[in-house]
Amino acid sequence: MSIEYKIRLVAELITKSRHAIAFTGAGISAESGVPTFRGKNGLWTRIDPMKYASIDGFIANLREAWEWYKWRMELVEKAEPNPGHRALAELERLGFLKAVITQNVDRLHQRAGSRNVIELHGTLWVLRCINPSCRYSIGISEPPREVPPICPECSSPLRPSVVFFGEELPREAWRRAVELASRSDLVLVIGTSGAVYPAAYIPFIVRDNGGSIVDINPDRDAYSEIADVYIQGRAGEILPRIVEEVSRSDSQQSSI
Ligand code: NAD
Ligand code: ZN
């Protein structure tokens with residue numbers, strides 16, 4: 001099957017769907033210059049994830065861990081949404097996509113114009129207190145100047161509101177994601193290795209309810225074998241071509 005043919009097939013799946021969602025991972029932000037965790041040039045080829053991305057590692061290496069998060073915040077702050085993010089926002093605007101369920105913590109989907117975004121792994125742009133009996137949290141728009149930032153209420157260090165290893169997903173986000181997935185007849189899986197559970201269940205929920213899976217990734221991932229359509233390619237190149245095809249068939253439909 002040629003890529004052109006697959007793109008037409010996916011456009012048809014989208015226009016015929018009743019309820020389509022996207023499920024995204026770090027790969028969709030790679031073309032914005034935000035490194036992924038796994039794969040070529042992945043962040044974890046250079047650092048040990050347990051060192052900073054677990055609560056014990058974070059507390060034990062507080063200053064160093066915060067330097068790492070600050071560096072990621074600066075990187076993400078400078079990054080711009082790419083054509084892949086924008087294509088998903090356009091599909092939502094056209095009425096074809098109900099939501100983006102993302103594992104990303106960078107807010108690039110929102111900056112591209114996506115409105116219904118479910119952040120399964122939290123966000124870098126909210127800080128909260130590490131003291132479990134203190135409920136302080138604050139939204140930020142730039143990285144903290146001094147690290148570690150300190151809680152104004154109890155003087156404990158603050159942490160980024162991202163899900164660390166071994167932690168539960170934000171309850172409301174997970175509930176909404178499962179509910180959306182069980183209502184969906186199509187999921188576009190973009191830029192995720194499918195290795196991080198429970199998030200990685202989302203496409204399987206859609207499939208178990210009889211829905212279709214479209215997988216877009218330059219490398220094979222956990223869904224490529226079972227996908228109805230697997231397109232081997234970069235999100236920023238493939239997604240705009242799909243939107244173009246969707247818009248074409250949509251305008252033909254409405255002119256009949
Ligand atoms: P991952 O790092 O495990 O996998 C990334 C996947 O993206 C790989 O399969 C890779 O082949 C693919 N990819 C690379 N470039 C691509 C492109 N241009 N187009 C499409 N696909 C491309 O990422 P994951 O599955 O999201 O899991 C990692 C965890 O790390 C997530 O929980 C997430 O919270 C976190 N994370 C987030 C960011 C971010 O917010 N941008 C960045 C790194 C990691
Ligand atoms: Zn506090």
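The values are calculated or read from the model by the stated rules, or taken from the named source; none is laboratory data. Since we're looking at a predicted model, the values are computed, not measured. Quick reminder, even Gly has a Cβ in these numbers, built from the backbone with ideal geometry, and neighbours come from all protein chains shown. Ligands, DNA and RNA are stripped out before the accessible areas are found, and what is left, the full protein with its side chains, is counted by its heavy atoms. Shrake-Rupley method; radii C 1.70, N 1.55, O 1.52, S 1.80 Å.
What value, in deg cm²/dmol to 500, does the helix sum -39500 (n - 2.57) over DSSP H runs of n ≥ 4 give at 222 nm once divided by the residues of the chain?
It lands at -12000 deg cm²/dmol.
Rolling a 1.4 angstrom probe over the protein chains, ignoring ligands and nucleic acids, what is the accessible area of Met50 in square angstrom, nearest 10?
100 Å²
Over the heavy atoms of Glu237, what accessible area does a 1.4 Å probe trace out, to the nearest 10 Å²?
That residue has around 100 Å² of solvent-accessible surface.
Over the alpha carbons of the chain, what is the largest minus smallest coordinate on each principal axis, giving the biggest first in Å?
Answer, in whole Å and largest first: 65, 33, 31 Å.
For Met50 paired with Ile226, estimate the spin-label separation in nm (one decimal), with each label point 7 Å from Cα along the Cα-to-Cβ line.
2.9 nm
Which of Gly139, Gly122, Gly84 moves the most in a Gaussian network model of the chain with Cα springs under 10 Å?
Gly139
Using alpha-carbon positions, what is the distance between the centroids of region 200-241 and region 152-180, in Å?
Here the answer is 26 Å between Cα centres.
Show Asp106, Asp48 ordered by accessible area, largest first, where the area counts protein heavy atoms only and the probe is 1.4 Å.
Largest accessible area first, the residues go Asp48, Asp106.
Using a 10 angstrom cutoff on alpha carbons, build the Gaussian network for the chain and name the most mobile of Ala60, Ala199, Ala26.
Comparing Ala60, Ala199, Ala26 in a Gaussian network model of the chain, the most mobile one is Ala60.
With a cut-off of 8 Å between alpha carbons and a minimum separation of six or more residues, what is the relative contact order of region 102-256 in percent?
On the way: 211 pairs, mean separation 23.0, N = 155.
Normalised by residue count, the contact order of region 102-256 is 15 percent.
Using just the alpha carbons, could you tell me how many Å³ per residue the convex hull of region 1-134 encloses?
Dividing the Cα hull volume of region 1-134 by its residue count gives 137 Å³.
Number of Lys-Lys pairs in the chain under 23 Å by Cα, sequence gap 8 or more or different chains? Can you show the working numbers first?
Details: Lys6/Lys16; Lys6/Lys98; Lys16/Lys98; Lys40/Lys51; Lys40/Lys70; Lys40/Lys78; Lys51/Lys70; Lys70/Lys78.
For the chain, the number of qualifying lysine pairs is 8.
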